[in-house]
1. Suppose the chain between Ser49 and Ser163 were pulled fully straight at 0.36 nm per residue; how much longer would it get relative to their current alpha carbon spacing?
2. If R0 is 25 Å, what FRET efficiency do you get for Ser153 and His129 from their C-beta distance, rounded to 0.05?
3. For the residue pair Thr101 and Cys61, what label-to-label distance in nm results when each label sits 7 Å from Cα along the Cα-to-beta-carbon direction?
4. Would you mind ranking Lys68, Lys127 so that the residue whose beta carbon has the fewest other beta carbons within 10 Å leads the list?
5. Would you list Phe105, Phe124 from fewest to most Cβ contacts within 10 Å?
6. Within a 10 angstrom radius of the beta carbon, how do Thr101, Thr90, Thr140 rank from fewest other beta carbons to most?
Amino acid sequence: MMTVETMEQLRTSEQLTANPDAPLMQLKELHVEFGKQHVLRDINLSFKSGQTIVVIGESGCGKTVMLKSIIGLIKPTRGEILYRGRDLATFNEREMTELRTRFGFVFQQAALFDSLTIGQNVAFPLKQHRAMSDEEMDQTVRQALFDVGLPESVIYKRPAELSGGMRKRVGLARALVMDPELMLRRADDRVGSDHE
C-alpha cells in the first residue's frame with residue numbers, strides 16, 4: 001500500500017522529469033548582483049547527462065555563487081536556471097528539496113560533521129532521503145568509501161583523525177552515495193590531495 005507522502009513524492013518526481021530530452025541543466029543569461037556588485041554577468045551554459053564541465057577562475061570571480069545558484073541557494077538577479085527545461089524559479093519548496101537530492105555537492109573543506117564518524121557522515125544523506133535497511137546503508141557507505149580510494153578502516157574514525165585530502169574524499173563519497181544526476185564542486189578544490 002502506498003502512503004500519501006509516497007504518492008506526493010512520486011508526483012513531484014514526475015514533475016521534475018517532465019522533459020527528459022532537455023539538457024540536464026541550463027543557465028540562460030544568468031546575472032547575479034549583490035547590491036551594486038556584479039558577481040555573474042550573462043552566463044550561458046548547458047550541462048548534458050554524463051558531461052564533465054570545469055569552471056576555472058581566480059578567487060572571488062563567482063564560481064561558488066554560480067554553484068549555489070545552480071542548486072537554488074542563491075536566486076539570480078535576472079536570467080534563468082533550467083532543470084530539464086523547467087525554470088527553477090517555478091519550483092516550490094518541496095520540489096526544490098527533491099531536486100537537491102539529485103545533485104551531489106562537494107563543499108569547500110568537505111563540511112563534515114565533527115561529532116559523527118566517517119561512516120555516519122557518508123550515510124547522512126541516505127538517512128535523510130532514502131528508505132534503506134541498516135545493512136543496505138552500511139554496504140552503500142562502504143562501497144562509496146572504496147570508490148574514492150579510502151580504506152575500510154576509516155569508517156569508524158572522526159574527521160579530525162584524517163588528513164585534509166582524506167576529508168575531501170569523504171565529502172566526495174557523501175555526495176556520490178546519493179547517485180546524483182549532477183555533481184558540483186569548485187574547480188580549485190582538489191579532491192584527494194594529502195599534500196596540503
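Bear in mind these aren't lab numbers, they're just calculated from the coordinates by the rules spelled out. These numbers were taken from a predicted model, which means no experiment stands behind them. Here Cβ is always computed from backbone atoms with ideal geometry, including for glycine, and neighbour counts include all displayed protein chains.
1. On the way: separation 114, 0.36 × 114 = 41.04 nm, distance 3.25 nm.
In short, 37.8 nm is gained.
2. On the way: r = 27 Å, r/R0 = 1.09.
Once rounded, the FRET efficiency stands at 0.40.
3. 3.6 nm
4. Values: Lys68 16, Lys127 12.
Fewest-to-most Cβ neighbours within 10 Å comes out as Lys127, Lys68.
5. Values: Phe105 20, Phe124 16.
With the sparsest Cβ surroundings first, the list reads Phe124, Phe105.
6. On the way: Thr101 16, Thr90 10, Thr140 19.
Ordered by Cβ neighbours within 10 Å, fewest first: Thr90, Thr101, Thr140.
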